[in-house]
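Below is one structure, written out as structure tokens, with a few remarks after it.
The values are calculated or read from the model by the stated rules, or taken from the named source; none is laboratory data. Note that the structure is a prediction, hence the values are computed from the model and not measured. Don't worry about glycine lacking a Cβ; one is built from the backbone with ideal geometry, like all the others, and counts go over all protein chains shown. Please note that ligands, DNA and RNA were not included when accessible areas were found on the heavy atoms of the full protein model with its side chains. Shrake-Rupley method; radii C 1.70, N 1.55, O 1.52, S 1.80 Å.
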Amino acid sequence: MKRILAVFLGVLSAIGGFVDIGDLVANAATGARFDMNLAWAVVVGVVGIVIYAEMCGRVAALSKRAVFDLVRERLGPRMALANLVASFLINLLTLAAELAGVALALSLAASVNYLFLIPFAALLVWLVIWRMPFETMERVFGLLGLTLLVFAVAVWRVGPDWGSLVHDSATPRIPSSETPWTFAYYAIALFGAAMTPYEVFFFSSGAVEERWTEKDLATNRINVLIGFPLGGALSLAIMALSHLVLAPRNIDVGALSQVTLPVASVLGRLGLAAVLIGIFAATFGAALETSLSAGYIIGQYFGWPWGKFLRPRRAARFHVVVLIVLVIAGLFGITGVDPVKVTEYSIVLAAAALPLTYFPILVLANDSDYVGEHRNGRVMNFFASIYLVILVIVSLATIPLMIITKAGA
Amino acid sequence: MAEPAARTLWAGLELLDRQLRDRHRVLCGNVDDVELTYSEDRRILYATAILSGPGRLARRMGGRRLGDWLVAFIAGTTNDNHDPSRIPFRLVQSLGPVIDLAVDAADLAAHATERWVRDHVISHIPGSDDAAE
């Protein structure tokens, strides 16, 4: 039982990254626009995050150092500061969107204008961070988030031709209604969502919060091998359902309510209830992940005491950062910005900074000062290096593609 | 106390930007800079102190005036005006990904703002002294 419960750090990290407010909509939108032709981008992203999350979990278990410690140590204070500022702003934008997402999920159930619910959502997130033990937090929201598996149930109930679904995914082509540029832009958005840096900030810091040691290296491996592929599977299920139900009816997806539509039409009220719970949990989980990550990365950059495992008095600056971030993000959310647009932009902007986060992880997972005898093997380094090349290409291509396609329009 | 025997190290790789921890294992800043001193015959450079704190970080990143001001300002808040951002090497207990020091976090410059935030903000919120587990 303990082994099973131990995987929820990975599950929550992945749910917050793969199926947060922006990605719920992005996955459904790509399914409706591109059918299954972009499924490969999710798969490539899952493999990448599994490789790098394993490394940062291993480094955290053996050295007690989380990802932003590694960034500062390998890039030096200036480059690390550039990464810190970018990552912090991305966290803030994403958090604003997630708070709006939590409020939207509540408003779909309670029919109140969601803007009124944003302060309430922010307060709830803060209370969980202030009072709830880390492991309870990851289990509650990880477990609730699994209700999103209802998308997979709905796909199964539609009863697609599985052979052609797999065949379509395995032989991608650019649909005639799209350009190579929009195809590449959405591929980067899906890949970027899979490898969002706050996932590794949260995962590695969580490993330190849970006081992992060398004995937990197996737990680390199970976490990454179950959590992140599960996040990817949820992503693909949403895409597939949208491809099966929405695409034939020419429905374009631009809002959260349209994501719930196909499940409700296939599974009825019970299905809809499950989706709403799942969306609430996923956006809430992502809000926890991004607000904590904001505190983690600043604390690690400056060497402050950080973490939920300490009494707030003993990690005062960390808690103040989390509090301030929640207030600012809440205020930003109340202005009525479109949360879906905000996360989509922030994912793509995050993609531009990806190598600055992942390169130090790769270097220090090979440093015996940090990992002792558990250095990367040759195979690991081979694949991790290939991904580093992909990350650099993605980071260079991202902003030009955003401009050419007018952000995927 | 006699200075311990020196060892060779790559300060840029094995020292700079690493995490500091006090005698109670409380995280208390990073190695923001290192003080180097020549031996008498000027042939060997010794790392004689770890420099840590916002002023030292600002200096290392090129903000000389801001850095000097911060170093002096934080020194001014101590009882005897000593510089809490300079940690002599004899107070270093072990080197590694974490550097353990024989000091109390409260006596270091990197901890100054922690104290202020704790006393003026966090301790006013109910539950600030409860462990979350």
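Structure above, values below:
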quantity	calculated
All positions within the stretch A:268-282 that are farther than 16 Å from A:Leu127 by Cα and open to solvent by less than 10 Å² (accessible area, probe 1.4 Å)	A:Gly271, A:Val275, A:Gly278, A:Ile279, A:Ala282
Verdict on A:Ile361 being outside any loop (DSSP other than H, G, I, E, B) and open to solvent by 70 Å² or more (accessible area, probe 1.4 Å)	no
Residue check for A:Ala315: facing chain B (nearest Cβ under 9 Å), at pLDDT 95 or above and open to solvent by less than 10 Å² (accessible area, probe 1.4 Å)	yes
Sole exception among (1) of a type outside the set (Asp, Glu); (2) within 12 Å of chain A (Cβ to nearest Cβ); (3) crowded, with 16+ Cβ neighbours inside 10 Å for B:Gly55, by number	(2)
Criterion violated by A:Ala86 - all others in (1) more than 17 Å from A:Phe203 (Cα to Cα); (2) buried (at least 23 other Cβ atoms within 10 Å of the Cβ); (3) of a type in the set (Gly, Ala, Ser) satisfied	(2)
Residue satisfying all of: in the stretch A:318-356; touching a residue at least 24 places away in the same chain (Cβ under 8 Å) and within 14 Å of another protein chain (Cβ to nearest Cβ); farthest from A:Leu92 (Cα to Cα) among these	A:His319
Test for B:Asp41: is it among the acidic types (Asp, Glu) and not in a strand (DSSP E or B)	yes
Of all residues in the stretch A:120-173 being of a type in the set (Asp, Glu) and surrounded by 15 or more Cβ atoms within 10 Å (Cβ to Cβ), the one that is farthest from the other protein chains (Cβ to nearest Cβ)	A:Asp168
Flag for B:Ser52 being in contact (Cβ under 8 Å) with a residue 12 or more places away in the chain and among the polar types (S, T, N, Q)	yes
Single unsatisfied condition, A:Val43 versus (1) at pLDDT 95 or above; (2) surrounded by 24 or more Cβ atoms within 10 Å (Cβ to Cβ)	(2)
Qualifying residue in the stretch A:292-303 (condition: closer than 30 Å to B:Asp17 by Cα, within 14 Å of chain B (Cβ to nearest Cβ) and open to solvent by 10 Å² or more (accessible area, probe 1.4 Å))	yes
Residue check for A:Thr136: under 27 Å from A:Leu236 (Cβ atoms) and either in a helix (DSSP H, G or I) or in contact with a His (Cβ under 8 Å, 6 or more places away or on another chain) (or both)	no
Unmet criterion (only one of (1) modelled with pLDDT under 95; (2) under 30 Å from A:Gly101 (Cα atoms)) for A:Gly372	(2)
Residue match in the stretch B:124-132 (condition: of a type in the set (S, T, N, Q), within 20 Å of A:His319 (Cβ to Cβ) and open to solvent by 20 Å² or more (accessible area, probe 1.4 Å))	no
Restricting the stretch A:208-260 to residues that are of a type in the set (Lys, Arg) and part of a helix (DSSP H, G or I), the residue that is nearest to A:Gly145 (Cα to Cα)	A:Arg221
Residue that is farthest from A:Arg74 (Cα to Cα), among those in the stretch A:11-40 that are aromatic (Phe, Trp, Tyr) and open to solvent by less than 10 Å² (accessible area, probe 1.4 Å)	A:Phe34
Filter result for B:Asp17 (open to solvent by less than 50 Å² (accessible area, probe 1.4 Å), in a loop (DSSP other than H, G, I, E, B), among the acidic types (Asp, Glu) and within 28 Å of A:Ala66 (Cβ to Cβ))	yes
Any hit, the stretch B:90-98, residues being in a helix (DSSP H, G or I) and more than 10 Å from chain A (Cβ to nearest Cβ)	yes
Unique match (being under 22 Å from A:Gly16 (Cα atoms) and not in a helix (DSSP H, G or I)) among A:Phe318, A:Phe309, A:Phe332	A:Phe309
